[in-house]
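Nothing in this text is a laboratory measurement; each read-out follows from the coordinates by a stated rule. Here the structure is a predicted model, which is why all the values come from computation and not from measurement. Reconstructed Cβ throughout: ideal geometry from the backbone, glycine too, with neighbour counts over all protein chains shown.
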Amino acid sequence: MAQQLIVGLIVAAAAFYAVWRWMPAGWRRGAAQKLAAGTHRAGWVDEARAKELAASLAKTSGCGSCDSCGSCAPKTPFKQPEADQATSQSTASALPSTHSR
């Protein structure tokens with residue numbers, strides 16, 4: 001019986017983690033604020049620690065969050081060096097044309 005209870009708690013914790021991890025960022029921030037405020041009202045943590053807890057819970061690890069890391073921001077377009085541009089333009093004009101007028 002004790003093993004089944006422990007396994008059930010582990011599965012519930014894993015399910016909670018998966019839901020929290022894949023939750024939209026706005027929902028996660030709101031839930032983190034509510035959870036931190038609840039721990040402060042219950043007297044488990046002081047106000048400063050509740051703010052730290054909310055900030056910690058609101059962010060995610062890795063590159064899936066796109067909250068503030070900026071790694072998914074548009075990159076600057078690739079610019080070909082001027083020497084290579086001149087070479088590619090002269091090569092293109094030197095190629096015979098297949099169109100006849």
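Counted residue by residue at 0.36 nm each, then reduced by the alpha carbon distance between them, the extension gain from Leu35 to Glu47 reaches 3.1 nm.
Spacing of the modelled spin labels on Gln4 and Met23, each 7 Å from Cα toward Cβ, amounts to 3.0 nm.
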